[in-house]
Every structure is written in C-alpha cells, then in structure tokens.
1. Can you tell me which condition Lys151 does not meet? The list is (1) under 32 Å from the mean Cα position of the chain (by Cα); (2) surrounded by 12 or more Cβ atoms within 10 Å (Cβ to Cβ); (3) under 30 Å from Gly177 (Cβ atoms), and all the others hold.
2. Starting from segment 197-224, keep only residues that are free of Cβ contacts under 8 Å to residues at least 12 places away in the same chain, then list their pairs with residues that are of a type in the set (A, V, I, L, M) whose Cβ atoms are within a distance under 9 Å, requiring at least 6 positions of separation or different chains.
3. Taking segment 183-231 as the search range and keeping residues that are under 12 Å from Asn152 (Cα atoms) and polar (S, T, N, Q), which one is modelled with the highest pLDDT?
4. I'd like the full set of residues that are exposed (fewer than 10 other Cβ atoms within 10 Å of the Cβ) and touching a Ser or Thr at 6+ places or on another chain (Cβ under 9 Å), limited to segment 74-128.
5. Using the structure shown, decide if Ile170 is part of a strand (DSSP E or B) and aliphatic (A, V, I, L, M).
Amino acid sequence: MANVGLFYLKPEKLLEMIKSVDGAGSGLDADLLDGKEQGEGGGLDADTLDGEHKAFYTASSNINFDNSGTSLTATNVQNAISELDSNIVNTQNTLNNHVNNTNNPHGVTAAQLGASNILDQIKTVDGEESGLDADLWRGYKLKVIKHSEDKNFSGNAEYSYEVDINDYGISTSKMRGYIVYGTAIGTRCDRIEFSYEYDNCSGVFTLTFKNITTYSTTTTILYSICIIYEE
C-alpha cells in the first residue's frame, strides 16, 4: 500500500522525485523529447535525455564520429564535414593543376605514342593543301621574299630592285643557297626580260626587268627570292 501515496503527490513533487533517479542507466524510456516524437512509447515528454536537451543532440559538433577505416582525423560530425570540404577543395585544385600541366606530367614517351610510325602516318596526309607548316627543310631554314608591282614599260624602260638579305636577319656566312624567280604579267609580258645578280660579299640581290621592244605596255612585275640558310 506504500505506492498508493504517489497518487496524492502534486505533479511538481512527482517530477522532482523522478528526476532524482532518471538519467543514464535509469531505464526511463521517454516517448517525447521537448515535445517532439522520438519513437514509440507511453506519451511521456522528457525535458532532457541523459541530462542533455534536444539542442545538444541536433548539434553536429556533439555527434560522435567514428573515423576508423578512414583517412579523417575528426572525432565529431561537424569536424568531419569540414575536413571533407577541405579535402574536396584540395582535390579539385590538384586536378585543375594536373589538367593545366602541359609538361608531360606522366612522362609519356614517344614510343608509347607510336612514334615509330608517326612519319608514315604524316606522309599519308601531307602535301598540297595539307596545311602542314614545317619549320625546317632538310635541316635548313627557308626565307621567301616576295614583291609585286604594276609598272609602265615605255620604249626600252628598265626597272631594278635591290634586296639585301641582311635586312631579313640573314648573314652571307649562313647562306647555303637561293632560288630567284621573276616574271611579268601583261598584254606583252613575253617581251619583258628578267635578270638578276647576287653579290656574295654584301648579300645584295639586284633584280632587273627590262622592255626589250619598243612597245609601250603596262604590266605587273613579280619576283620571289627563296633563301636557304642556317640559323
């Protein structure tokens, strides 16, 4: 009959008595926590759980994180999230640096790219209109100097041009050969004579276009000099 007295206790006194034995290991099973449903139970609304209010359990910094089996050092959820965010940023930066690295970071060799037959492959698509722009021709540099101009050839008119290879950064000691071409396009272009001379000491070409008839004609003269040289 001793338990009958509990029915005559005021709620405040009953709460005080429960709180004297609640907490960890008490076996108290609450249905609500701060008025919120947490699971099945008898409708009891506890103010704290293991001595902590709801806010404690909803704060990620208070939730333990088991980092075993991971590379993380965090021991709570909040720090684990922060650590993961940092790792993601670092990984992205590393990936971006790798993508932008044009210095062959993987050390790929020419052989791995099939260099043994690269020449054969290029030769299947080279030639006219291929757009292939070679830097050297048989180990030499090439420089093409071109000029075109309309001229009126009256009587025995003659026009001469001087081209100094030094003006193009080529010295005579580096010259290994040259090709000179000149022509005239007009109504009587076959009557215009083209000739040239090259002074090996000065590096100057002298090109001459001369009307070898008494006809008067306006024509376009063109010349090209292809210089073969070493750097």
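1. That leaves (1) as the condition not met.
2. As it stands, the answer is Glu197/Val204; Glu197/Leu207, since those pairs meet every condition given.
3. Applying the filter and picking the extreme gives Thr220.
4. Within segment 74-128, Ala110 is the sole residue that qualifies.
5. No.
The values are calculated or read from the model by the stated rules, or taken from the named source; none is laboratory data. Since this is a predicted model, take the numbers as computed values, not measurements. Cβ sites come from the backbone with ideal geometry, for glycine too, and all protein chains shown count toward neighbours.
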